[in-house]
Amino acid sequence: MFTARRVLLWTLGLSLLMVPFSIGQTEDQRPEYVLKADQLVAMEDGIKLATDVYLPKEEGQFPCILIRTPYNKDGHKGDGERFTKQGYAVVVQDTRGKLKSEGTFYPFRNDRADGLATVKWIRTQPWYGGKIGGWGGSYVGFTQWAIADELDAMVPTVTCRDMYDVLYPSGLMSLATAINWGLPVDSKTMNPIKPEKLMAAYRILPLSVADDSTFKDNAFFDDWLAHTSRDEYWQAMTHAHPPKGAVLSVAGWFDIFLQAQISDFIALPKYLQHASRMIVGPWAHGKFAVEMDYTDKSKLKHANKLAEQVFAHALQGKSITAIAEPYKEHRYNLFIMQRNDWYGCDEWPPANTTTKKLYLAADSSLTFDQPAKSGFGSYSYDPSDPYLSLGGTLLGVGVGQAWQNPNLSRKDQLSFSTPVLDQPLTLLGPLSANLFVQTDAPATDFIVCLQDVFPDGRILNIQEGGKSVSEKELKNKNQPAEILVDVWATGYELPAGHKLRLVVTSSWFPRYNRNLNNGQPLATASELRKAKQTLYWGGDFPSHVSLPVLGE
């Protein structure tokens, strides 16, 4: 049931995702910048995009910061004010088909061509001082990756350059992302879809009519459903152009872009590695389910200062003598939750970590010693009653860390726990699980959730991940098949007195679309089938989770 209060919170959280933060101005305040608003800049095909230019009050030529957004350029007045004070020209543009810009909005498709045309226009302006930097998060960060080879510096925040990895992480469809974002954003402004209608859309079958049934036909939503693999459709909207200048990548442990963003940063060319930085904090893409105590919150508020230093060095040629606190002179600055402090390193995975295997055992325990005795357990997965995702790498409200106790009574899961820890266990880096499984379904999913059990019995999620499997992958249905599940990455310390818990189930809904167990195409599947899922451990079937354990 969704109470009025929860619906209100959902609405507020979604609005936080869609509308950029701005700094208000009273009528008697005079701006300290010159604003040339609503200029129409022609693209290569003649479509004109609405563009604002913020300039410092003094005349001259200035390095430029470019912001291209589908969420209303008027919301970036705060950025215009802040950056002009620092000596930059700021160009903010409504992307194609949005707000005051001409054309039809189709996510990700036109951002390289339109971004390049905008850069070309900037370079003809009398105020242009020879350098361009990119700024912004989420979709606004994607528009930076689209023209990374033309930017002298960029600060992509909670974003990536390959949107297949966001809509189909590990091959699983991110249903909440596609519906929570894709359906409302398909208009000049935002479609007025009530939160309860969006949540009801999760269960509409077949999925190809979810858009029509909820509000209207959505061309790109239909295309997302039709292209479930990284085919030419997605490749045409992926931007692997080597960046021209330094990159400051800001990510979150519970953000929907996390895995792809780490991959993007790892792939930076060697000539940029020394100047580029990555920050991963305890952030998510929306309103948090649980407001955790990270002790000194000032430790989390300095990413903007570091971004200013990147721009000052790359765009203005200034020498930076001391890096913004609390970050260190390392390529990676990683926040460790529960320890509540930053850890700096120059490689991924961090060099001071050791991969340790925790094995599943017959008494529902997790042990560092591989069990000699084999065993198995089974559960029934019914897609009409999917296992609910609580928190995690969701988009919307109730994201990030969340208490998992409401799922304790469910029968469609197998759980395993360590003994009570006698010393802290610090996880920092990528997680994965090797499972030996069987199913009687033509196709199904297996989901792995890693959790922290508090001394008082409360259970908090650390990270999740999953994998789809088919008869072809299972090969011999009379023998268990080994599958590798990407459980994403984390920076998390379990204190002494806590336990580490592992849950294996077959849905994590609506973060991921529920597998109907029938092997039918995603867009048209409508037949729900129950599946008997079997998990093996010990002996010849050493199911285990691989942990990146940080040394002292």
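Observations, loosely collected:
- Net charge in the neighbourhood of residue 167 (other residues with Cβ under 15 Å of its Cβ; Lys, Arg +1, Asp, Glu -1) is -4.
- Options (1) 3, 17, 27, 26, 17, 7, 2, 0; (2) 3, 16, 25, 23, 15, 9, 5, 2, 1, 0, 0; (3) 3, 14, 20, 21, 15, 10, 8, 6, 3, 1, 0 - which one matches P(r) over Cα pairs in 10 Å bins from 0, in percent as calculated here: (1)
- Local electrostatic count, residue 259, Cβ distance below 9 Å [Lys/Arg +1, Asp/Glu -1]: -2
- Proximity of backbone amide H atoms, modeled 1.01 Å from N, is registered between residue 462 and 450, 451, 452 at under 5 Å, excluding neighbours fewer than 5 places apart on the same chain.
- Here the sum of -39500 (n - 2.57) over DSSP H runs of 4 or more residues, divided by the residues of the chain, equals -5500 deg cm²/dmol at 222 nm, to the nearest 500.
- J(HN,Hα) series, region 38-50, from Karplus relation 6.51 cos²θ - 1.76 cosθ + 1.60, nearest Hz, glycine and proline x: 6, 6, 9, 9, 7, 8, 4, 8, x, 5, 10, 10, 5
- For residue 185, residues with placed amide H under 5 Å, excluding near neighbours: 191
- Taking every alpha-carbon pair under 8 Å whose residues sit at least 6 apart, the chain reaches a relative contact order of 14 percent.
- Exposure proxy ranking for 498, 274, based on other Cβ atoms within 10 angstrom of each Cβ and starting from the fewest, stands as 274, 498.
- Helical segments meeting 20 Å axial Cα length and Kyte-Doolittle -0.5 threshold in the chain (DSSP H): 4-18
- Restricting region 30-83 to GluC sites (Glu not before Pro) that sit in a DSSP loop and have at most 15 other Cβ atoms within 10 Å of their own Cβ leaves 32, 44, 58, 59.
- About the Cα centre, charge dipole magnitude for region 353-550 (Lys/Arg +1, Asp/Glu -1 at Cβ), debye: 220 debye
- The chymotrypsin sites (Phe, Trp or Tyr not before Pro) of region 343-422 that meet both conditions, a loop assignment by DSSP and at most 16 other Cβ atoms within 10 Å of the site Cβ, are 368.
- Across region 349-364, rounded Karplus estimates of 3J(HN,Hα) from the backbone phi angles (6.51 cos²θ - 1.76 cosθ + 1.60, θ = phi - 60°) give x, x, 5, 8, 10, 10, 6, 10, 9, 10, 8, 6, 10, 5, 8, 6 Hz, Gly and Pro being marked x.
- Radius 15 Å from Cβ of residue 485, net charge of other residues (Lys, Arg +1; Asp, Glu -1): -2
- Euclidean distance between Cα centres, region 63-120 to region 351-416, Å: 43 Å
- Computed about the Cα centre, the dipole magnitude for the chain is approximately 320 debye when only Lys and Arg (+1) and Asp and Glu (-1) carry charge, each at its Cβ.
- Between the amide H of residue 343 and those of 334, 335, 336, distances stay under 5 Å, these residues lying 5 or more places away or on another chain, with hydrogens modeled in the peptide plane.
- Take the Cα of residue 189, step 7 Å toward its Cβ, do the same at residue 272, and the gap between the two points is 3.7 nm.
- Listed by chain and number, the lysines placed with their C-alpha closer than 26 angstrom to that of residue 244 are 73, 85, 120, 131, 270, 305, 318, 328; residues fewer than eight positions away on the same chain are left out.
- Of the trypsin sites (Lys or Arg not before Pro) in region 441-504, those whose Cβ has at most 16 other Cβ within 10 Å and which sit in DSSP loop: 458, 475, 477
- Ordering 187, 409 by the number of other Cβ atoms within 10 Å of each residue's own Cβ, fewest first, gives 409, 187.
Since every read-out is calculated from the coordinates, none of them should be taken as a lab result. All figures in this text were calculated on a predicted structure; none of them were measured in a lab. Virtual Cβ from ideal backbone geometry, glycine too; neighbours counted across all protein chains shown.
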